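Student: Below: one structure in structure tokens.
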Amino acid sequence: MARRVAIVNNKGGVGKTTVAVRLAEGLAKEGKRVLVVDMDPQGNASEMLGWTYDPELKPPTISQAIKANTEGAARGVIQPIGWDAPYAGHIALAPATLKLENRMAEAGLSCAWRRLVTALDGADDHVDFTLFDCPPSVFHLTQLALAAAHDVVIVTEADIYAIEAAKRVRAFVEDRAPKDLANPTLTLRGVVINALTATAVQAEQRDSARRIFGDLIWDPSIKHRTSLAEAGTDAVPLTDPRCAEPRAMFELLTQTFLKAVPSA
Ligand SMILES: Nc1ncnc2c1ncn2[C@@H]1O[C@H](COP(=O)(O)OP(=O)(O)O)[C@@H](O)[C@H]1O
Ligand SMILES: [Mg+2]
């Protein structure tokens with residue numbers, strides 16, 4: 001079975017998707033096989049990886065695998081990504097579209113939170129890591145991922161509200177996942193500070209995050225770089241020379257990931 005890692009924060013826009021996709025890229029460059037499971041109905045990770053929904057072909061998405069609620073159903077929705085890079089074949093995608101919203105309404109059904117565990121059963125044995133890109137919440141879609149994950153990585157900005165949201169995620173992982181999601185070994189492995197700028201306020205908030213999360217803060221923090229945002233919206237890997245700086249930051253962050261997250 002793959003080592004499954006959920007990328008979480010219940011605040012939006014802090015860089016969860018960017019970090020999930022760029023860690024997948026860094027791991028692929030290290031020769032690891034990675035499955036990205038897009039758990040956000042906005043489908044940003046799917047798009048960033050160069051996947052597009054073709055309404056003629058109607059490709060399957062993670063929503064169908066969750067709805068099916070049968071062992072290994074995710075196997076049928078795993079697809080190649082759209083990047084042109086030598087390592088692109090190391091990354092596979094279980095994509096999402098807005099239809100994933102429909103799974104929320106079923107949250108109250110008996111054992112609904114186990115549906116992703118069931119769908120992934122045997123479906124990700126061929127990869128080293130499965131990364132869940134979660135929506136900005138700790139409700140049902142994120143809980144599906146947290147029930148299936150071994151590890152959690154929080155992404156935050158050096159911002160008071162993002163750090164408060166990160167604390168709520170830690171509390172959820174520690175207090176509720178063991179009982180409510182029957183996942184007592186789920187472990188917070190790291191906190192990534194993203195989009196750091198050289199301002200006094202950010203430095204103060206970064207120090208505050210270090211006081212709160214201590215050694216869980218991963219190095220390096222990811223600096224705010226327009227080239228990183230542009231590579232995301234252009235749905236391309238960080239191979240362009242203009243992306244040299246973010247590429248180097250994520251290569252280092254990948255090494256931290258490999259030290260902090262046990263392998264399968
Ligand atoms: N380090 C960064 N530097 C510049 N822009 C960034 C950085 N990280 C994320 N962004 C941009 O911020 C926006 C939100 O990032 P995203 O990864 O989608 O966050 P989330 O998944 O938490 O909602 C996107 O437009 C993204 O390109
Ligand atoms: Mg996102």
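The values are calculated or read from the model by the stated rules, or taken from the named source; none is laboratory data. Predicted, not measured: the structure shown is a model, and the values here were computed from it. Note that each Cβ is placed from the backbone with ideal geometry, even for glycine, and that neighbours are counted across all protein chains shown. Only protein heavy atoms, including side chains, enter the accessible area calculation; ligands, DNA and RNA are left aside. Shrake-Rupley method; radii C 1.70, N 1.55, O 1.52, S 1.80 Å.
Student: Could you run through the stretch 123-158 and say how many residues are free of Cβ contacts under 8 Å to residues at least 40 places away in the same chain and in a loop (DSSP other than H, G, I, E, B)?
Tutor: Step one: of the stretch 123-158, the residues free of Cβ contacts under 8 Å to residues at least 40 places away in the same chain are 139-140, 143, 147.
Filter once more, so that each one left must be in a loop (DSSP other than H, G, I, E, B): 139.
Total meeting the criteria: 1.
Student: Moving on to the next point. Which condition number does Val77 fail, the rest of (1) under 18 Å from the mean Cα position of the chain (by Cα); (2) closer than 18 Å to Ala2 by Cα; (3) open to solvent by 40 Å² or more (accessible area, probe 1.4 Å) being met?
Tutor: Just one mismatch for Val77, condition (3).
Student: Out of everything in the stretch 23-60 that is within 13 Å of ligand 2 (Cβ to nearest atom) and over 10 Å from the mean Cα position of the chain (by Cα), what residue ends up being surrounded by the fewest Cβ atoms within 10 Å (Cβ to Cβ)?
Tutor: Restricting to residues being within 13 Å of ligand 2 (Cβ to nearest atom) and over 10 Å from the mean Cα position of the chain (by Cα), the top hit is Gln42.
Student: As an exercise: evaluate Ser110 against (1) among the hydroxyl-bearing types (Ser, Thr, Tyr); (2) surrounded by fewer than 17 Cβ atoms within 10 Å (Cβ to Cβ); (3) touching a Leu at 6+ places or on another chain (Cβ under 8 Å) and give the number of the one condition it does not meet.
Tutor: Of (1) among the hydroxyl-bearing types (Ser, Thr, Tyr); (2) surrounded by fewer than 17 Cβ atoms within 10 Å (Cβ to Cβ); (3) touching a Leu at 6+ places or on another chain (Cβ under 8 Å), only one is false for Ser110: (3).
Student: What are the pairs with Cβ atoms under 7 angstrom where one residue, in the stretch 56-81, is more than 17 Å from Gly43 (Cβ to Cβ) and the other, located anywhere, is in a loop (DSSP other than H, G, I, E, B)? Sequence gap at least six, or different chains.
Tutor: Glu71/Asp121; Glu71/Gly122; Gly72/Asp121; Gly72/Gly122; Gly72/Ala123; Arg75/Ala123; Gly76/Pro60
Student: Taking the stretch 113-140 only, how many residues are surrounded by 24 or more Cβ atoms within 10 Å (Cβ to Cβ) and under 18 Å from Leu23 (Cβ atoms)?
Tutor: Summing the residues that are surrounded by 24 or more Cβ atoms within 10 Å (Cβ to Cβ) and under 18 Å from Leu23 (Cβ atoms) in the stretch 113-140 gives 8.
Student: Name every residue in the stretch 195-213 that is open to solvent by 30 Å² or more (accessible area, probe 1.4 Å) and closer than 26 Å to Ala147 by Cα, in order of residue number.
Tutor: Residue satisfying the conditions is Ile212 alone.
Student: Scan the stretch 141-174 for residues that are closer than 14 Å to Gly12 by Cβ and open to solvent by less than 10 Å² (accessible area, probe 1.4 Å) and report the count.
Tutor: The first filter runs over the stretch 141-174 and keeps only residues closer than 14 Å to Gly12 by Cβ, leaving 141-142, 154-157, 159, 161-162, 164-166, 168-169.
Pick out the ones that are also open to solvent by less than 10 Å² (accessible area, probe 1.4 Å) and you get 141-142, 154-156, 162, 165-166, 169.
Going through the stretch 141-174 one residue at a time, the tally reaches 9.
Student: Would you pick out the residues in the stretch 175-194 that are in a helix (DSSP H, G or I) and surrounded by fewer than 20 Cβ atoms within 10 Å (Cβ to Cβ)? Reasoning before the result, please.
Tutor: Filtering the stretch 175-194 for residues in a helix (DSSP H, G or I) gives 175-180.
Once the filter is applied, which keeps residues that are in a helix (DSSP H, G or I) and surrounded by fewer than 20 Cβ atoms within 10 Å (Cβ to Cβ), the stretch 175-194 yields Asp175, Arg176, Pro178, Lys179, Asp180.
Student: Next up: I'm trying to understand the selection: among the residues of the stretch 237-263, which are assigned to a loop (DSSP other than H, G, I, E, B) and out of contact with any Asp or Glu (no Cβ under 8 Å at 6 or more places or on another chain)?
Tutor: Thr239, Asp240, listed by residue number.
Student: I'd like the full set of residues that are near ligand 2 (Cβ under 9 Å from one of its atoms), under 18 Å from Ala149 (Cα atoms) and either open to solvent by 10 Å² or more (accessible area, probe 1.4 Å) or among the aromatic types (Phe, Trp, Tyr) (or both), limited to the stretch 1-22.
Tutor: Matches in the stretch 1-22: Lys16, Thr17.
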